[in-house]
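The values are calculated or read from the model by the stated rules, or taken from the named source; none is laboratory data. Being a predicted model, the structure only gives us computed values, none of them experimental. Cβ atoms come from the backbone with ideal geometry, glycine included; neighbour counts cover every protein chain shown.
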Amino acid sequence: MNVAALSPAASSALPALDPAAGARGLYIGGQWVRPAGRPSIPVVDPSTEAVLSEVPDATLDDARAAIEAAASAAAGWRATPPRQRSEILRRCFELMTARADDLARLISLENGKALRDARGEVAYAAEFFRWNAEEAVRISGDFALSPAGGNHIIVDYEPIGICVLITPWNFPAAMATRKIAPALAAGCTVVLKPASETPLTAYVLATLYEEAGVPPGVVNVLTTSAPGPVTAAMLADPRVRKLSFTGSTPVGRTLLAEAAKNVISCSMELGGNAPLIVFDDADVEVALEGAMLAKMRNAGEACTAANRIYVQSGLYERFAQELTCRMAALKLGPGPDAQTECGPMITAKAVDKIERLVGDALARGARLRCGGTRPASPGFFYPPTVLTDVPLDSAMGCEEIFGPVAALSRFESEDEAVALANATEYGLAAYVFTRDLTRGLRVSRRIETGMVGLNRGLVSDPAAPFGGTKQSGLGREGGTHGVLEFLEAKYIATTL
Ligand code: NAP
């Protein structure tokens with residue numbers, strides 16, 4: 001199946017979405033622009049390895065044109081009353097929701113994730129528009145008498161300026177809307193550079209924003225095979241005041257250095273290495289369900305995925321056996337197949353990495369309980385796998401597995417569990433399972449991460465501040481914090 005063969009929502013009265021919109025060109029200033037004389041970037045179906053479609057490859061001049069378009073639209077969008085901005089964002093939510101099936105099939109096709117995960121992503125992604133539609137009309141300032149009584153302090157919150165947004169392939173819709181919606185709510189205009197592996201969703205969403213009434217130039221989308229130079233060209237423009245990046249920690253570090261040249265405000269959502277801790281007193285059913293969700297949502301291709309599972313010794317063997325039953329029962333298959341529970345990985349390179357990490361753990365003495373063998377069929381598949389007694393010095397203890405491999409190790413005491421959880425440079429998410437709420441809260445506070453799931457395997461929520469500490473990033477997305485990342489405080493001192 002290629003993208004052109006994706007059937008539109010026949011039952012819907014809405015105009016059909018064009019899944020191959022990106023083939024028309026870069027989306028700049030509300031126009032589809034074809035870069036002259038450049039080959040296109042192929043988009044590969046990870047379930048079959050067939051080419052689905054092609055998207056344009058932006059040049060440095062295209063990148064500058066996209067910033068120009070965002071700059072031209074900036075004054076008009078900033079002056080648009082918050083209520084009007086809010087209603088446009090609300091329409092984005094409604095249109096995404098109405099087209100949820102089409103969007104989920106497209107995400108599943110280009111990313112490979114199981115349809116049920118893709119449906120979950122669409123709902124999550126759309127929710128950022130609803131939440132930020134509500135935030136857009138609640139941005140307020142402060143007014144105070146200075147403590148000495150000599151003057152008044154007025155604080156206004158202004159849109160920060162033009163924003164460059166860069167997103168990864170693992171959530172092709174949600175990582176984009178988590179940035180675009182608060183940026184637009186704040187009154188900013190943006191240029192989005194989606195990942196080369198999954199650009200189709202970003203372009204299709206651009207057509208939907210247009211339909212919702214987002215004016216030309218407010219959202220621009222470009223794809224490129226040269227993300228470094230293209231991003232550098234955009235950040236060199238002094239009108240760009242924000243870089244919001246989601247992706248790996250090494251690329252985040254490079255971008256922080258690039259942004260430093262023009263002292264650009266940065267939000268960084270980077271890599272993770274989440275520990276999942278199960279105490280002896282946990283509700284085993286809740287812990288198993290939580291572990292399956294934290295490990296297998298998106299087939300393990302999530303920054304919040306449980307990378308290291310630590311189980312207290314009293315529950316260890318039972319938990320390992322029951323988790324293995326559940327993992328081994330998952331149906332591996334092409335993302336768009338309705339029966340699939342675990343889709344392919346994004347690329348052959350991703351499978352190679354998982355194979356290397358599993359091989360390393362086994363060589364160091366880990367025990368294979370299920371999976372562990374790459375299928376010979378086409379597609380970038382790796383089966384749901386469980387390893388137990390994973391030695392603490394295994395490579396998967398410090399690297400993101402980013403795949404369907406549950407790595408279990410045993411612990412004895414609470415202090416040991418906390419020390420293990422914190423023995424990483426990352427600090428994005430963690431999960432704790434215990435029936436003792438006091439212990440749960442105590443351990444949650446001792447763990448050095450931005451987010452903790454306490455007796456829950458899912459933390460992502462558009463109404464909550466998502467983000468990490470340590471090498472997992474800077475800033476927060478979602479909740480009331482998300483929109484603040486796109487605002488600048490303006491302080492006026494006055495004597496009234
Ligand atoms: P990645 O290689 O860092 O790529 C992310 C984005 O950055 C892509 O759009 C990529 O473009 C672009 N990029 C790559 N090199 C660049 C450069 N030199 N300058 C500017 N842009 C550049 O990450 P990924 O493999 O796509 O995504 C997986 C990573 O994202 C994992 O580490 C995961 O933990 C992290 N992640 C974090 C969060 C979070 O919220 N903390 C959420 C999701 C994912 P191309 O595609 O064209 O290379």
With the condition kept exactly as written, say whether any residue in the range 89-100 is surrounded by fewer than 21 Cβ atoms within 10 Å (Cβ to Cβ), of a type in the set (S, T, N, Q) and farther than 23 Å from residue 156 by Cα. yes
For residues that are in a strand (DSSP E or B) and either farther than 25 Å from residue 79 by Cβ or of a type outside the set (Ser, Thr, Tyr) (or both), tally how many sit in the range 141-178. 16
Name the residues in the range 248-268 that are touching a helix residue (DSSP H, G or I) at 6+ places or on another chain (Cβ under 9 Å), part of a helix (DSSP H, G or I) and more than 10 Å from the ligand (Cβ to nearest atom), would you? 259
Picking from 168, 182, which residue would you name as being surrounded by 24 or more Cβ atoms within 10 Å (Cβ to Cβ), under 15 Å from the mean Cα position of the chain (by Cα) and within 16 Å of the ligand (Cβ to nearest atom)? 182
Tell me, which residue of the range 454-492 that is among the basic types (Lys, Arg) and part of a loop (DSSP other than H, G, I, E, B) is nearest to the ligand (Cβ to nearest atom)? 476
Does any residue in the range 276-287 that is in a helix (DSSP H, G or I) come within less than 6 Å, Cβ to Cβ, of a residue that is at pLDDT 95 or above six or more places away or on a different chain, and which pairs are these? 286/455; 287/278; 287/433
For a quick check of your reading of the model, give me the residue pairs whose first member lies in the range 234-259 and is of a type in the set (S, T, N, Q) and modelled with pLDDT of 95 or more, whose second is part of a helix (DSSP H, G or I) and more than 7 Å from the ligand (Cβ to nearest atom), with beta-carbon atoms closer than 6 Å and at least 6 apart or on different chains. 244/179
Being farther than 19 Å from residue 177 by Cα, within 15 Å of the ligand (Cβ to nearest atom) and in contact with a helix residue (DSSP H, G or I) (Cβ under 6 Å, 6 or more places away or on another chain) narrows it down to one of 201, 224, so name that one. 224
Check off (1) within 21 Å of residue 290 (Cβ to Cβ); (2) without any contact (Cβ under 8 Å) to a residue 60 or more places away in the chain; (3) within 16 Å of the ligand (Cβ to nearest atom) for residue 395 and give me the number that stays unchecked. (1)
In the range 191-209, which residues are farther than 20 Å from residue 97 by Cα and small (Gly, Ala, Ser)? 195, 196
